[in-house]
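Notes for the one structure printed next.
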Amino acid sequence: MKAIALFLFIFISLTGMAKNLEKATLGGGCFWCTEAVYLELKGVVDVKPGYSGGDVKNPSYKEVCTGTTGHAEVVQITFDPEVVSYSEILEVFFMTHDPTTLNRQGNDVGTQYRSVIFYHNEKQKEVAEKVIILFKDEQVYDKPIVTEVAPFDTFYVAEDYHLNYYNRNKSQGYCQFIITPKLEKFRKIFKDQLKNQH
C-alpha cells in the first residue's frame, strides 16, 4: 500500500498536478453571501462555510446564532496562489461586505457577523494589515474599518444544508434580495477574475 502511495506522489509531482494550495479564513457577515462570491472567483479551488474564533467545541448553527459561543460565521477558502493572490482574496473581501459596521452586516446583527480575518501565518497577517492601511489611505469608506485581524485557531465546517446554499436556494427571499445584488456588484467589479464570464 505504501508503494502505491509513493508512486502516486511521485507521479503527481512529476506531472505538475501537485499544487501548493493555501487557505484563507474570513468572516464578512452571513456565510451564505461570502461563499457565493468566492465560489465564482478564479483560482479558488474550494469554499466551505463554517465557524471560527469561538471557545465552544463543534458548535451548531443554532448555538452560533445565539452569539454566545464567540464564533464568527466564516468561509474557509482553498486557493491557488499562482492564480489568485492572498491580497486579491482580501480585496474581494473588503469590496463585498461593509467592514465599517461593528458586529453586523445589514440586518444581521451579533458578534457572529463580525468582520474578521483569521490569518494562518505571519505573512497573511502582514498582508491583511497592509491591505487595511491601503483601503484607509485610499478612503474607500467614509467610516473607520473595524475588521478584526486575529490568528487562526480552529475551523468547524457548517452543517451540510449550508454548503453551496445560494446556488441551491436562489428563489428563496434572502437569496434574491440580499445575495443576488451582492453577487451582481462583485461580478461587475471583478469581471476579469471570474471563473465563468457573466
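The values are calculated or read from the model by the stated rules, or taken from the named source; none is laboratory data. Every value quoted in this text rests on a predicted model; they were computed, and no experiment measured them. For neighbour counting, all protein chains shown are included, and Cβ atoms are generated from backbone atoms with ideal geometry for every residue, glycine included.
Here VAL47, VAL84, VAL56 are screened, and the one residue that is in contact (Cβ under 8 Å) with a residue 12 or more places away in the chain, part of a loop (DSSP other than H, G, I, E, B) and under 16 Å from TYR156 (Cβ atoms) is VAL56.
Provide a single number: the residues in segment 170-198 that are surrounded by 16 or more Cβ atoms within 10 Å (Cβ to Cβ), farther than 9 Å from GLU40 by Cβ and charged (D, E, K, R). Result for segment 170-198: 1. Taking ILE117 as the residue in question, decide whether it is touching a Ser or Thr at 6+ places or on another chain (Cβ under 7 Å), modelled with pLDDT of 95 or more and over 22 Å from LEU39 (Cβ atoms). In short, no. Residues in segment 26-69 that are of a type outside the set (D, E, K, R), in contact with a Ser or Thr (Cβ under 7 Å, 6 or more places away or on another chain) and within 16 Å of THR111 (Cα to Cα): 8 in all.
Which pairs turn up if I take residues in segment 121-147 that are free of Cβ contacts under 8 Å to residues at least 40 places away in the same chain and exposed (fewer than 13 other Cβ atoms within 10 Å of the Cβ) and look for partners that are in a helix (DSSP H, G or I) and of a type outside the set (Gly, Ala, Ser) with beta carbon separation below 9 Å, at least 6 apart in sequence or on another chain? So the pair list comes out as LYS123/TYR86.
Restricting segment 53-103 to residues that are surrounded by 16 or more Cβ atoms within 10 Å (Cβ to Cβ) and of a type in the set (D, E, K, R), the residue that is farthest from the chain's Cα centre (by Cα) is GLU63.
Here PHE135, PHE186, PHE177 are screened, and the one residue that is more than 27 Å from VAL83 (Cβ to Cβ) and assigned to a helix (DSSP H, G or I) is PHE177.
Number of residues in segment 93-114 that are under 19 Å from VAL37 (Cα atoms) and in a strand (DSSP E or B): the value is 3. Checked against the criteria, GLU63 counts as assigned to a helix (DSSP H, G or I), among the acidic types (Asp, Glu) and farther than 25 Å from GLN193 by Cα.
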